[in-house]
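Here is the structure we will look at, set down as C-alpha cells.
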Amino acid sequence: MDAGFLFGTSTAAFQVEGGIHGADWWQWTQVPLDGGRCTKIMDCDDPDNGPDDWDLVAQDIEAAKAIGTNAYRFSIEWSRIEPTEGVYDPTAIAHYHALLAAAREAGLTPMVTLDHDTLPLWLHGVAPGKSGASEADWVGGWRGLPGETPGSDARIVQAFGKFAGDMAKEFGGDVDLWLTLNEPMIVAAMGYALGTFPPGASMHLTDARNAVVNEAYANAAAYDAIHENDVVAARPGEEPALVGIAKSMPVFVPDPSSDPALAATAAAQMEHIFNWLFLDAIVDGNLDSHFDGSYSHPQDPEGEGTAIAALAARADFIGVNYYTVESVMPVVGGLPDAQGSSLVLPGILGGPADPTASFSDPPADEEIYPKGMRDTLLAVAGKFPQLPIYVTENGVADASDTKRAKFIVSHVQAMQQAMTEGADVRGYFHWSLIDNFEWTYGFAARYGLYHVDYSSPSKTRVLTRGAQAYQAVIAAQGVTPTLSARWGQ
C-alpha cells in the first residue's frame, strides 16, 4: 500500500454514545408497544444500554490504536451540538474537541461524518400529542415540510448547510476529511418506502423522491460551507478540506428463480436507483428524481437533461459502504407509489443470489460476496475516474467471531485487486470498531472488532479474532499469501 493509505475503523454517534435523546431516532426507539410487541426495534433494545462510548471514548481511541489503525471515522451528533435550533451546546463541542485531540495523540487521522442517519427533533420529530406509531405523526425530516418545494430553499437544506459550515469553522483545524451524509438512499428508502426508519412510511415514493432531492441539495450546501469555513489544514502540506459522502453500494443481481430477462432489467434499474442516482447528482449534476433512469422525464421538476449547476461537482472523493449482494425479483409494472404519483420501483429483493454462500448472522443475514468489493470499486472508478475512493464501511455481523477474520482478509484482497486494476482507493475503514446499536436490529447484530459485554457495568471490550486478523493485515500493509493462508480460512 502507498505510505499514505488509511487503515481505519468506523463508528456513528447514535449507535455508540448513548444519551442522545434529542434525535429523531431516539423518539423512534420510544414508540409505544403495539399489541404487546415491539414494532420498531428488535427486542426493544434501548440505545442507552449500548457501549457508552460517550464516557469511554478515550478507551476506544486506545483500542483503535492498539490494533495498528491510523485513521478513525466517527460522526458528530447534530442533535447534541444543536439541541435547539440556533443554540449550540458548549459541552458537546468540548467533547468532540477532546475526541479529536485523543485521535491526534494516538496517530489517527479523523474522518468526520456530519449526518449519520439521525436528525435533531426540531427538524424531524413526533407532533405534540401523537405517539409516533403512524408516519402521519411525524413532522419534517428529509422529505421536507408540508407544502414545501424540495431543493435549495428547503428548511432542512438551509439548516444542514449552516451546521456544516459552523462545524467546519469549529473543528476544521483538526479535520481534513469530511463526509456530509451517510447512506442518503438508504435513509430515504428505509424511512419512506420500507417503513423501518423514522417516520415509518410504506411505499411513499413521492416522499422518498423529495427526500433524495433535499439530500442532494443539502450535500451541495454542506460542501460549499465546509470549503468556505475550513481553511486550515490539520496536517502541514495537506488540503484543509476534502469532502465526500458515504454511499451504500450493494451489488444487485437478477434473482435466479425469476424470468431471466425481466429480472436482469429490474436488477439494472435497482442498481441505478440505489447506487448511481445520488452520485450522478452530486458529481455530474444529473438528478433523476423520477427514478426511471432518464434525466429528462416530463414530470421531473428540476429541468433535467442538462447538469444542475447547484448540485454538480460537490464531491472531492467518494466513500463506498460495501457489505453484500442483493438479488432482485421483478414486479411487472413496478411497485406503485402509495401517494398516487407515477413513480414506481421495479422489483423487490429476492432470495439469496447464491444459496451455497456464507451469510452473516441473523437478523442481518447478509450474503458474503467479496468479489462485489472489487466489482463495485472498479465500477465507481470507471464512472468517476477523477475522484479518489475510500471504503468508508465494510464489515460482517458475527457474534461467534468465526467469520470476521476471513471476511476482512477476503474483502481487503478484493480491494487490492481493484487497486491493481486501476481503482484509486485511498483508505479502508472497517465497520465497526466496537459492537453497537444496529438501528432496527438493536444489539443483535454484532459488527465490532471489539466485542462489547453489555451485561458488564464497565461495558468491557474484548478483542476478537477478526481484530487480530485486521491487525496482521495492517502490519503487512495488505493481504499477503501468508496472511491469506493463515486468516482466510
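All of the numbers you see were taken from the coordinates with simple rules; none came from a lab. Only a predicted model underlies this, so the values are computations on that prediction, with no experimental measurement involved. Note: ideal-geometry Cβ built from the backbone for every residue, glycine included; neighbour counts use all protein chains shown.
Between the amide H of Val253 and those of Glu326, Ser327, Val328, distances stay under 5 Å, these residues lying 5 or more places away or on another chain, with hydrogens modeled in the peptide plane. With contributions of -39500 (n - 2.57) from each DSSP H run of at least four residues, the per-residue ellipticity at 222 nm computed over the chain stands at -9500 deg cm²/dmol. Across all Cα pairs in the stretch 117-221, the calculated P(r) in 10 Å bins from zero up to the longest distance comes to 16, 46, 28, 9, 1 percent per bin. The largest-to-smallest principal axis extents of the Cα set in the stretch 6-487 are 55, 55, 54 Å. Rounded to the nearest 0.05, what FRET efficiency do Ala98 and Ser342 have when you use their Cβ-Cβ distance and R0 = 51 Å? For R0 = 51 Å, the calculated efficiency reads 0.50.
Ranking Ala64, Trp78, Gly151 by how far each Cα lies toward the positive end of the dipole of the stretch 6-487 (charges on Cβ) leaves Ala64 at the top. Based on alpha-carbon atoms, the Kirkwood radius and the radius of gyration of the stretch 94-152 give Rg/Rh equal to 1.21.
Distance between the 7 Å Cα→Cβ label points at Gln386 and Met42: 4.2 nm.
Taking 12 Å as the straight-line reach from the Cα of Lys406, the aspartates and glutamates in range (excluding those fewer than 8 positions away in the same chain) are Asp398.
Each semi-axis of the equivalent ellipsoid for the stretch 41-105 is √(5λ) with λ an eigenvalue of the Cα gyration tensor; in descending order they amount to 23, 20, 9 Å.
This model, with +1 at the C-beta of Lys and Arg and -1 at the C-beta of Asp and Glu, gives the chain a dipole about its Cα centre of some 980 debye. The stretch between Asp89 and Thr265, if pulled fully straight at 0.36 nm per residue, gains 58.4 nm over its current Cα-Cα span.
Going down the table (Lys247/Lys371; Lys247/Lys383; Lys40/Lys130; Lys383/Lys403; Lys162/Lys459), which pairs top 26 Å between alpha carbons? Distance filter (> 26 Å) returns Lys383/Lys403; Lys162/Lys459. Assuming a viscosity of 0.890 mPa s and a temperature of 25 °C, what translational diffusion coefficient in µm² per second does Stokes-Einstein assign to the stretch 373-451, Rh being the Kirkwood radius over Cα pairs? In µm²/s, the coefficient rounds to 182.
Taken about its Cα centre, the stretch 347-430 carries a charge dipole of roughly 280 debye when the Cβ of each Lys and Arg holds +1 and the Cβ of each Asp and Glu holds -1.
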